1. Consider region 182-218. How many of its residues are surrounded by fewer than 17 Cβ atoms within 10 Å (Cβ to Cβ), touching a residue at least 60 places away in the same chain (Cβ under 8 Å) and outside any helix (DSSP H, G or I)?
2. Restricting region 257-274 to residues that are touching a residue at least 60 places away in the same chain (Cβ under 8 Å) and either of a type in the set (A, V, I, L, M, F, W, C) or not in a helix (DSSP H, G or I) (or both), which is surrounded by the fewest Cβ atoms within 10 Å (Cβ to Cβ)?
3. Quick check on region 89-103: of everything there that is under 17 Å from Gly71 (Cα atoms) and under 17 Å from the mean Cα position of the chain (by Cα), which residue is surrounded by the most Cβ atoms within 10 Å (Cβ to Cβ)?
4. Tell me which residues, restricted to region 282-315, are assigned to a helix (DSSP H, G or I), within 25 Å of the chain's Cα centre (by Cα) and free of Cβ contacts under 8 Å to residues at least 12 places away in the same chain.
5. Could you please find all residues in region 344-369 being of a type in the set (Ser, Thr, Tyr) and buried (at least 19 other Cβ atoms within 10 Å of the Cβ)?
6. I'm checking my understanding of the structure. Among residues of region 161-175 that are out of contact with any helix residue (DSSP H, G or I) (no Cβ under 6 Å at 6 or more places or on another chain) and part of a helix (DSSP H, G or I), which one is surrounded by the most Cβ atoms within 10 Å (Cβ to Cβ)?
7. For residues that are among the charged types (D, E, K, R) and over 23 Å from the mean Cα position of the chain (by Cα), tally how many sit in region 132-182.
8. Restricting to region 51-88, give me the number of residues that are among the acidic types (Asp, Glu) and crowded, with 16+ Cβ neighbours inside 10 Å.
Amino acid sequence: MIQKVHSVLEKLSEVESPTHSFSREIPPSNFEPKMTFQPELPGGQVDLASLFYIERPAIEARAYEEIAKPGSLIRIKAPWQMGKSSLMARLMRHSETLGCRSVLVNFELADSEVFSDLNEFLQWFCATVTDDLQLPIELDERWSKYLGSKKNCTNYFEKYLLPKINTPLVLALDEVDRIFPHEKIADDFFGLLRAWHEKAKQSEIWKNFRLIIIHGTEVYIPLSNDQSPFNVGLPIELSEFEAHQVHDLAQRHGLDFSPNQVEQLMAMVGGHPHLVRLALYKIACCDITLEQILAEAPTQTGIYADHLRLHLSNLEKYPELAQALKQVVESDTPVQVQSALAFKLNSMGLVKLQGNEVSIGCDLYRQYFRDRTQSSRNHQPLSLASERLKGPVCSLPEFNTRPRCLPKTALHRF
């Protein structure tokens, strides 16, 4: 009987355990052996528990060090889908391990009416922070009709919120680009943030106030140097992934990419985090090869079709941007375009800034938009032609890098 049991166990030991088609055991060099990962559909902020978040060690080390300092201010700027919100979330989590309270204010959640009046805007701001801290909202008791809105807002933090929590507060402001078109609100609010940052140099209570500002575009609002929060603190600009990071991400998807395959993918989409991750996800999960993805990438049947159509629809709404991009895609060398347009195209992720010149962000954009430019002598802008989308067109609101359906606003100020 014992011999039979041993015989069965020996046979079982010879049977290989099945592996899932996309869970091949090809671990990244900096991960534990035999660890495999289940691919996650890319889109939006990368979950804090996700194994598909690729660190940028040098950048994150500086940010983690800075957020630990009293009265610190960190500015994270990068185009759409480059990982700003994902880094912000990790900074907030890190600050909590240091004993801080953290609050996220996303200005996409504010009603449009909030931006029509400074007093209403600052009361919404205070109420939002208070609610997230799970404290009673005491605006009626603490908002004096005899003091200005900025003084009332300052008092609310200084005499209520900061003493009440009695611990450092990390306040993260996401989508601040939405404030930029509202010049009066922007001028007063950003000036107020700068004043609070300066207070930390003099006041013990304000040393407990730490700020993270997330934005996707250059700041055009005319703030003086001593009133702007965008020229102080630690600036962080998120770069694209390098080849070794793309290879690491491929391994996390269970893909045994060769250096040549990494090079081929990056030749099409550069190191753009979202575009790279989308390709790897499709290869791992959807029975499609890298060669197929690259062949169809700049077409209406490729995996990037929705991403590209969204950009195209935005460009149709803004002929100045479309014409500037046309100059870029039709040149094999960097070109000069109006600075405001260059910054806006960069904030969309379509171009890269090189001194006073710009070049196309990646070959995917060059191929797609070059095919759609009109070569007439009248230099007509990019056209949706037969690709016109149904329903309302998503426009790019002034200074906002996240596409949203809003009324058309021309770039008259530029």
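Any read-out appearing in this document is the output of simple, stated calculations on the displayed coordinates, not a laboratory observation. Given the structure is predicted, the values throughout are model-derived calculations rather than measurements. Here Cβ is always computed from backbone atoms with ideal geometry, including for glycine, and neighbour counts include all displayed protein chains.
1. 1
2. Restricting to residues being touching a residue at least 60 places away in the same chain (Cβ under 8 Å) and either of a type in the set (A, V, I, L, M, F, W, C) or not in a helix (DSSP H, G or I) (or both), the top hit is Ala267.
3. Leu91
4. Ala305, Asp306
5. Ser347, Tyr365, Tyr368
6. Leu161
7. Number of matching residues: 10.
8. The initial filter retains those residues of region 51-88 that are among the acidic types (Asp, Glu), namely 55, 60, 65-66.
Still in the list and also crowded, with 16+ Cβ neighbours inside 10 Å: 66.
The number of residues fulfilling the criteria is 1.
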